[in-house]
1. Residues that are assigned to a helix (DSSP H, G or I) and either crowded, with 21+ Cβ neighbours inside 10 Å or not assigned by TED's automatic domain parsing to the domain that holds residue 166 (or both): does the range 274-284 have at least one?
2. Mind checking whether some residue in the range 98-120 is more than 12 Å from the ligand (Cβ to nearest atom), more than 30 Å from residue 43 (Cβ to Cβ) and open to solvent by less than 50 Å² (accessible area, probe 1.4 Å)?
3. So if I check each of 211, 187, which one is touching a Phe, Trp or Tyr at 6+ places or on another chain (Cβ under 7 Å) and either at pLDDT 95 or above or under 19 Å from residue 85 (Cβ atoms) (or both)?
4. Which condition does residue 21 not pass, out of (1) within 8 Å of the ligand (Cβ to nearest atom); (2) closer than 21 Å to residue 302 by Cβ; (3) touching a Leu at 6+ places or on another chain (Cβ under 9 Å), if it passes all the others?
5. Identify all residues within the range 45-83 that are out of contact with any strand residue (DSSP E or B) (no Cβ under 9 Å at 6 or more places or on another chain) and under 22 Å from residue 227 (Cα atoms); write none if there are none.
6. Determine whether residue 10 is without any contact (Cβ under 8 Å) to a residue 60 or more places away in the chain and assigned by TED's automatic domain parsing to the domain that holds residue 224.
7. Among all residue pairs at least 6 apart or on different chains, which show Cβ distances below 7 Å where the first residue, located in the range 80-93, is open to solvent by 70 Å² or more (accessible area, probe 1.4 Å) and the second is more than 8 Å from the ligand (Cβ to nearest atom) and at pLDDT 95 or above?
8. Kindly establish whether residue 130 is within 18 Å of the chain's Cα centre (by Cα), buried (at least 20 other Cβ atoms within 10 Å of the Cβ) and either in a helix (DSSP H, G or I) or not assigned by TED's automatic domain parsing to the domain that holds residue 227 (or both).
Amino acid sequence: MNQDRDKRGRDFHRPVLEHEVAGLLAPVLPGVVVDATFGGGGHTRRLLDEFGESVTVVAIDRDPEALANASALGVAFVEGNFADLGRLVAELTDEPIAGVMFDFGVSSHQLDEPGRGFSYRKDGPLDMRMGPDAPHTAAEIVNEWPADRLADLIYRFGEEPLARRIARAIVDGRPYESTTQVSNVVAAAIPAARRRAGHPARRTFQALRMAVNDELDAVNSGLEQAIGILRPLGRVVAISYHSLEDRIVKQRFARGATGCVCPPDLPVCGCGRSAELRLLTRKPIRPSTDEIEVNNRARSAVLRAAEKVAA
Ligand SMILES: C[S@@+](CC[C@H](N)C(=O)[O-])C[C@H]1O[C@@H](n2cnc3c(N)ncnc32)[C@H](O)[C@@H]1O
């Protein structure tokens with residue numbers, strides 16, 4: 001039974017830095033932990049296996065396909081965007097929240113399933129929505145957005161230096177119905193001499209995915225709400241896969257960990273600021289080479305964690 005349960009989750013997604021996440025959350029137990037990006041439930045499974053009844057996990061994912069994994073683990077689940085974390089958690093529990101974990105981005109299941117339209121290697125519809133709440137589809141963006149807007153998107157989210165050239169080629173090649181049509185046009189727009197490691201459409205597809213799902217706004221809002229709902233000494237743990245995601249986490253944690261900003265020679269504090277967070281990871285934690293060897297998708301992962309200070 002447990003073997004079926006574990007295989008189902010692992011086929012869906014292999015968790016990244018699971019040992020480190022469990023170690024960072026151990027001190028908040030016993031208590032309720034929110035898995036805000038449940039996916040295949042790998043991080044939750046690890047907590048349940050390691051801490052048994054001292055942890056109660058409640059789960060969120062915007063992808064309705066995650067529900068079956070939560071049922072297999074017997075975990076309460078609500079479908080929704082963690083941009084609405086406070087409201088979603090209130091639907092799941094009225095207990096104090098000891099921990100919140102985020103594992104941003106997409107699951108392997110979403111990437112590997114051609115019908116979801118995330119893959120530049122497999123033919124599929126131009127969808128890329130993680131769930132029905134996403135504000136756009138990839139088809140809308142590639143077929144309707146003006147070249148300037150497309151170029152900004154590909155440059156910013158894809159960190160693609162040839163963004164303008166690619167955006168122009170996408171506009172010129174309209175209309176599109178499938179992922180392969182777009183990935184061929186992007187590949188043809190990049191001269192052989194300017195190609196880097198990996199598939200030439202990888203950065204453009206990543207940018208499209210981030211815009212389709214409004215990913216960075218959700219990270220901002222989800223993190224803010226997670227810090228708001230944590231009980232004193234509760235912990236938030238976040239794994240990012242993109243420098244822009246990580247920057248949001250790093251800056252929010254740093255702001256939260258900043259206390260009084262008065263000059264040191266002022267006899268009494270005049271600014272009224274006190275830190276709301278304590279940083280648990282001054283330097284971010286990254287996967288070991290052993291982990292990356294068995295799970296290539298871990299290669300860009302960056303983990304940061306913070307603790308809410310006592311009231
Ligand atoms: C990297 S996977 C998480 C994998 C999970 N930790 C595991 O071990 O199986 C990211 C998951 O977060 C979900 N997700 C991403 N952004 C979300 C958001 N804004 N709100 C809710 N779920 C989100 C995706 O649908 C996906 O299932």
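The values are calculated or read from the model by the stated rules, or taken from the named source; none is laboratory data. Keep in mind it's a predicted model, so treat the numbers as computed, not measured. No Cβ is skipped: glycine too gets one built from the backbone with ideal geometry, and neighbour counts run over all protein chains shown. Just so you know, the surface numbers come from the protein's heavy atoms only, side chains and all, with ligands and any DNA or RNA stripped out. Shrake-Rupley method; radii C 1.70, N 1.55, O 1.52, S 1.80 Å.
1. Residues of the range 274-284 that are assigned to a helix (DSSP H, G or I), as a first pass: none.
Scanning the range 274-284, I find no residue that is assigned to a helix (DSSP H, G or I) and either crowded, with 21+ Cβ neighbours inside 10 Å or not assigned by TED's automatic domain parsing to the domain that holds residue 166 (or both), so the answer is no.
2. So far as the range 98-120 goes, no, none of its residues is more than 12 Å from the ligand (Cβ to nearest atom), more than 30 Å from residue 43 (Cβ to Cβ) and open to solvent by less than 50 Å² (accessible area, probe 1.4 Å).
3. Details: 187 fails: touching a Phe, Trp or Tyr at 6+ places or on another chain (Cβ under 7 Å).
Exactly one of 211, 187 is touching a Phe, Trp or Tyr at 6+ places or on another chain (Cβ under 7 Å) and either at pLDDT 95 or above or under 19 Å from residue 85 (Cβ atoms) (or both), namely 211.
4. (1)
5. If the condition is that a residue be out of contact with any strand residue (DSSP E or B) (no Cβ under 9 Å at 6 or more places or on another chain) and under 22 Å from residue 227 (Cα atoms), then 83 is the only one that fits.
6. Judged against the criteria, residue 10 is a match.
7. Every condition considered, the pairs that remain are 91/78.
8. Values: within 18 Å of the chain's Cα centre (by Cα): yes; buried (at least 20 other Cβ atoms within 10 Å of the Cβ): yes; either in a helix (DSSP H, G or I) or not assigned by TED's automatic domain parsing to the domain that holds residue 227 (or both): yes.
Here the answer is yes, as residue 130 does meet what is asked.
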